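Encoded as structure tokens, the structure appears first; notes follow it.
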Amino acid sequence: MRLIAQRLIQLVVVFVVVTLFTAGLISLVPGKPENLVIPFDNTPGQTLRQEFRESNNLDDPLPVRWAKWAGDFVQGDLGNFYSASGGTPVRTRFDQSWPVSVSLILYTQVLSLLVAIPLALWAAYRSGRWTDKIINTFAFGAISLPSFAVALLLTYYLGVQMGWVPTQGYVRLTEDPGEHFRHVIVPVLALSLGQIAVYMRLLRSDLVATLQEDFILMAKSKGISNGRVLWRHALRPSSLTLLTVTGLSMGNLIGGTLVIEFLLGIPGLGVLIGETVLRRQYEALQSLVAVVAIAFVLINFTVDALYSVLDPRIRERTT
């Protein structure tokens, strides 16, 4: 119960700080939303702009405007996109966009773990040998490459030069599974490269230490195969750091996903947030940023809850 109370407090603090900061930051951006919605400079246009500002509370002080938005948000109302005709609900676009972003993030995490865990086990087993050195050299190089640059390079070579994958767009899994995976290859590979390197290095370091423990030596003395020792005895107690970093890296992964979506024209939250910034959609941007921040806190709460599954000693200390 104490852990749940702490996470709820953290959720509220993150929500208030992030959304207030976003509201203050976007208010400093040059340009006004009414100038984009009503581009007429004549007298009727000026009148419509003033009516537009009043109807959307844009003349209210920032704290008052934020409080009105927050009151609607906690009731499940994400607001509307500014429009001269009344605007469309943010939730409509959000419901279309979030499955795209979530699918890319899930594919990236699954691929990263499927590659990083065997590499870490192999590197730890061959610690100090040439195999370990080659894997670590790859990891250092992969960490230094920004995901958006990798995405652009892969798009150019695999899409433009070779024509193996589409260069833009997205096809949903339910529409055409084959085309769906062709469209997500580039963003998932670009996002996974750095994640694989980080996960592999952290897990390798913990495995090297775990393999020196007495219970590992005892398992080896009983004639248990090296593969079984690595997968059944060493991997589980060495996974706590990996689990922690997997949760913490979700922030960077979410940010990287949004940037790549915007660059490659993938209709996820990245494109949606980009549109809200360019079109000065204050209310919509606050709602989208709040949803992302809440998701990040909930993911880390889930990671904390999984600790007791991996290590019973943690469960005993918290009960």
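The values are calculated or read from the model by the stated rules, or taken from the named source; none is laboratory data. Note that the structure is a prediction, hence the values are computed from the model and not measured. Here Cβ is always computed from backbone atoms with ideal geometry, including for glycine, and neighbour counts include all displayed protein chains. To get the accessible areas, we keep the full protein, side chains included, count just its heavy atoms, and leave off ligands, DNA and RNA. Shrake-Rupley method; radii C 1.70, N 1.55, O 1.52, S 1.80 Å.
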| query | In region 277-292, which residues are open to solvent by less than 30 Å² (accessible area, probe 1.4 Å) and either at pLDDT 85 or above or not in a helix (DSSP H, G or I) (or both)? | reply | Gln281, Ala284, Leu285, Gln286, Ser287, Leu288, Ala290
| task | Can you run down the residue pairs with Cβ atoms below 7 Å, 6 or more apart or on separate chains, where the first is in region 226-249 and surrounded by fewer than 17 Cβ atoms within 10 Å (Cβ to Cβ) and the partner is acidic (Asp, Glu)? | result | Leu240/Asp311; Thr241/Asp206
| field | Leading residue by the ranking (farthest from Leu235 (Cα to Cα)) among those in region 135-144 that are in contact with a helix residue (DSSP H, G or I) (Cβ under 9 Å, 6 or more places away or on another chain) and either open to solvent by 40 Å² or more (accessible area, probe 1.4 Å) or of a type in the set (D, E, K, R) (or both) | value | Ser144
| query | Quick one: in region 103-140, which of the residues that are assigned to a helix (DSSP H, G or I), without any contact (Cβ under 8 Å) to a residue 40 or more places away in the chain and farther than 15 Å from Leu230 by Cβ is farthest from the chain's Cα centre (by Cα)? | reply | Trp130
| note | Ile185: passes all of (1) under 28 Å from Gly227 (Cα atoms); (2) surrounded by 15 or more Cβ atoms within 10 Å (Cβ to Cβ) but (1)
| Conditions: (1) in contact (Cβ under 8 Å) with a residue 60 or more places away in the chain; (2) surrounded by 17 or more Cβ atoms within 10 Å (Cβ to Cβ). Leu152 meets all but one. Number of the miss? | (2)
| said: What pairs come out if I take residues in region 30-59 that are within 12 Å of Ser83 (Cβ to Cβ) and open to solvent by less than 80 Å² (accessible area, probe 1.4 Å) and pair them with residues that are modelled with pLDDT under 75 and in a helix (DSSP H, G or I) whose C-beta lies under 6 Å away, six or more apart or interchain? | reply: Ile38/Gly45; Phe52/Glu34
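Has region 208-226 got any residue that is out of contact with any Phe, Trp or Tyr (no Cβ under 9 Å at 6 or more places or on another chain), assigned to a helix (DSSP H, G or I) and closer than 30 Å to Leu104 by Cβ? Step through it out loud before you land on a result.
Of the residues in region 208-226, the ones out of contact with any Phe, Trp or Tyr (no Cβ under 9 Å at 6 or more places or on another chain) are 208-210, 212-225.
Narrowing the set further to residues that are assigned to a helix (DSSP H, G or I) leaves 208-210, 214-221.
So of that shortlist, the ones also closer than 30 Å to Leu104 by Cβ come out as none.
No, there is no match, as no residue in region 208-226 is out of contact with any Phe, Trp or Tyr (no Cβ under 9 Å at 6 or more places or on another chain), assigned to a helix (DSSP H, G or I) and closer than 30 Å to Leu104 by Cβ.
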| Among Ile260, Ile266, which is in contact (Cβ under 8 Å) with a residue 24 or more places away in the chain, outside any helix (DSSP H, G or I), hydrophobic (A, V, I, L, M, F, W, C) and more than 25 Å from Leu8 (Cβ to Cβ)? | Ile266
| So is Ser147 within 26 Å of Val291 (Cα to Cα) and open to solvent by less than 20 Å² (accessible area, probe 1.4 Å) or not? | no
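Quick test for you: out of Ser238, Ser205, Ser249, pick the one residue that is among the polar types (S, T, N, Q), farther than 13 Å from Ser112 by Cα and part of a helix (DSSP H, G or I). Outline the logic, then answer.
Numbers: Ser238 fails: part of a helix (DSSP H, G or I); Ser249 fails: farther than 13 Å from Ser112 by Cα.
Of the residues listed, the single one that is among the polar types (S, T, N, Q), farther than 13 Å from Ser112 by Cα and part of a helix (DSSP H, G or I) is Ser205.
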| query | Looking at Ser103, is it more than 30 Å from Val208 (Cβ to Cβ), among the hydroxyl-bearing types (Ser, Thr, Tyr) and surrounded by fewer than 13 Cβ atoms within 10 Å (Cβ to Cβ)? | reply | no
